[in-house]
Amino acid sequence: MLISLSSSPSPSSSLPRFSNWKSPLLESSSLKPQTTHFLKPLPSSLCYSSNLNFHSKTPLFTRCPLRKRLDFRSWAVSGFDLGNFESVLEAVGVLTTIVVVHEGGHFLAAYLQGIHVSKFAVGFGPILAKFNAMNVEYSIRAFPLGGFVGFPDNDPESDIPVDDENLLKNRPILDRTIVISAGVIANIIFAYVIIFAQVLSVGLPVQEAFPGVLIPEVRAFSAASRDGLLPGDVILAVNGTKLPKTGPNAVSEVVDVIKSSPNKNVLLKVERGEQNFEIGVIPDESFDGAGKIGVQLAINVKITRVIAKNIFEAFNFAGEEFWGLSSKVVDSLKQTFSNFSQSASKVSGPVAIIAVGAEVARSNIDGLYQFAAVLNINLAVINLLPLPALDGGSLALILIEAARGGRKLPLEIEQRIMSSGIMLVSILGLFLIVRDTLNLDFIKDMM
């Protein structure tokens with residue numbers, strides 16, 4: 001189960017550290033094994049691009065001309081930080097729930113059609129706990145990075161006759177198509193339900209843009225503190241040049257001027273409360289020769305929430321948000337694949353996804369809703385890709401069968417196709433897990 005969290009705006013970052021666009025202190029700078037398993041390793045491709053794959057160029061709430069949707073995808077990433085254990089558990093819980101929903105879609109579609117199912121597992125590896133009910137083994141496994149639904153079609157230990165009409169492989173094309181696509185459908189429905197729940201409970205966050213760049217933090221004994229800047233000040237202009245309305249570009253302009261002006265006076269027009277005045281700041285020179293003033297900068301926005309007034313408005317808001325997020329996911333995936341040489345480094349695995357989820361969980365409940373919805377949409381879209389280890393690959397084989405007048409490809413060929421896909425995804429997944437683990441902040445601190 002691959003996920004491409006990519007986004008450019010502020011979607012565009014490579015997943016990991018979701019931090020409302022803020023500068024750092026300006027110091028200077030399915031798998032489907034042939035036992036017939038719908039095996040789903042955790043999303044392994046979060047291309048957050050300024051990329052969880054989102055490109056938000058148009059506000060989702062067009063009725064608010066001066067506002068645009070709060071986009072957690074615009075959060076930047078510099079090194080993953082798992083943060084406190086509680087937030088990590090919340091992130092793991094979100095991902096596990098998404099996996100259960102996906103596999104539950106496959107399971108339910110098979111069960112309701114009377115198709116034999118032998119296993120339903122959450123996680124991979126050694127079994128921690130299990131029980132049997134109605135000839136199905138339900139288990140929780142050691143590594144909560146995915147899950148699978150097992151079918152007894154090619155299980156040598158199964159006592160079900162190979163010609164049993166209720167084996168998945170013996171069912172008509174339509175029945176098998178329903179089972180294979182049910183996981184994707186379940187994730188799409190779940191994404192909408194999450195957004196709908198957000199609309200009814202906490203509301204959809206929107207941000208209203210204001211001129212300038214906010215200073216949320218000033219380091220003690222820094223140049224900014226020495227020259228009179230305070231937390232909460234808003235920089236409206238730098239050396240007489242007004243800043244853009246809002247956004248990362250405004251922050252970057254301030255950062256660039258500060259870095260290029262060590263030991264030189266930088267004239268800042270500042271808004272403090274109801275007053276506007278000018279402050280001259282002389283950046284200190286850092287070890288690399290760049291200027292630094294010891295502040296954190298952020299886009300100047302006010303976040304409010306839009307809550308539906310009635311059930312009809314709730315459906316309308318949820319629909320707009322769902323389609324907006326879906327289009328961004330698809331756009332981001334298109335950009336990822338069309339320019340893969342540059343976006344490959346932004347592909348992240350389950351460790352990075354959990355790190356991002358943990359940071360989102362520490363941030364606010366709005367971000368966690370959006371995080372869960374986007375992961376569901378990502379999982380659904382990526383699993384439709386016609387790759388051997390994904391649901392889309394299985395659907396492609398069924399389409400080939402239909403085109404051949406109901407004649408399946410030779411079993412040996414199908415097994416080679418699926419095995420090669422599983423091997424490639426496994427290698428990619430292992431690489432991403434190792435790379436993302438080495439990028440965790442506490443791992444870096446030990447190295």
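Things to note:
- Flag for VAL238 being touching a Ser or Thr at 6+ places or on another chain (Cβ under 6 Å) and either open to solvent by 20 Å² or more (accessible area, probe 1.4 Å) or at pLDDT 90 or above (or both): no
- Checked against (1) of a type in the set (A, V, I, L, M, F, W, C); (2) assigned to a helix (DSSP H, G or I); (3) touching a strand residue (DSSP E or B) at 6+ places or on another chain (Cβ under 9 Å); (4) open to solvent by less than 30 Å² (accessible area, probe 1.4 Å), LEU229 passes all but a single condition, namely (2).
- Contact map, the range 419-434: residues that are more than 15 Å from LEU390 (Cβ to Cβ) paired with residues that are modelled with pLDDT under 75 and in a helix (DSSP H, G or I), Cβ distance under 8 Å, separation 6+ or inter-chain. Pairs shown: LEU432/PRO350; LEU432/VAL351; LEU432/ALA352; ILE433/PRO350; ILE433/VAL351.
- Test: residue in the range 381-397 that is out of contact with any Pro (no Cβ under 8 Å at 6 or more places or on another chain), open to solvent by 10 Å² or more (accessible area, probe 1.4 Å), at pLDDT below 85 and part of a helix (DSSP H, G or I): no
- One residue from LEU230, LEU204 being more than 30 Å from GLY291 (Cβ to Cβ) and of a type outside the set (Lys, Arg): LEU204
- Scanning the range 216-228 for residues that are more than 36 Å from the chain's Cα centre (by Cα) and among the aliphatic types (A, V, I, L, M) returns a single hit, ALA223.
- Residues of the range 129-157 classified as open to solvent by 70 Å² or more (accessible area, probe 1.4 Å) and within 22 Å of THR437 (Cβ to Cβ), total: 1
- Check on GLY123, more than 21 Å from LEU168 (Cα to Cα), under 20 Å from the mean Cα position of the chain (by Cα) and open to solvent by less than 40 Å² (accessible area, probe 1.4 Å): yes
- Figure legend. Inter-residue proximity from the range 190-207: first residues within 18 Å of ASN376 (Cβ to Cβ), second residues outside any helix (DSSP H, G or I) and of a type in the set (A, V, I, L, M), beta-carbon distance below 6 Å, spacing 6+ or different chains. Indicated pairs: VAL199/ALA308; LEU204/VAL306.
- Residues of the range 281-292 classified as of a type in the set (Asp, Glu), in a loop (DSSP other than H, G, I, E, B) and surrounded by 15 or more Cβ atoms within 10 Å (Cβ to Cβ), total: 0
- Among the candidates GLU278, GLU274, GLU253, residue that is within 18 Å of PRO211 (Cβ to Cβ), open to solvent by 10 Å² or more (accessible area, probe 1.4 Å) and either of a type in the set (Ser, Thr, Tyr) or under 37 Å from the mean Cα position of the chain (by Cα) (or both): GLU253
- Only a single criterion out of (1) buried (at least 23 other Cβ atoms within 10 Å of the Cβ); (2) of a type in the set (Lys, Arg); (3) at pLDDT 75 or above is not satisfied by LYS346, namely (3).
- Lone qualifier among ALA314, ALA237 - being aliphatic (A, V, I, L, M) and in a helix (DSSP H, G or I): ALA314
The values are calculated or read from the model by the stated rules, or taken from the named source; none is laboratory data. These numbers were taken from a predicted model, which means no experiment stands behind them. Ideal geometry is used to build each Cβ from the backbone, glycine not excepted, and the neighbour counts take in all protein chains shown. Heads up: the accessible areas ignore ligands, DNA and RNA and are worked out on the full protein's heavy atoms, side chains in. Shrake-Rupley method; radii C 1.70, N 1.55, O 1.52, S 1.80 Å.
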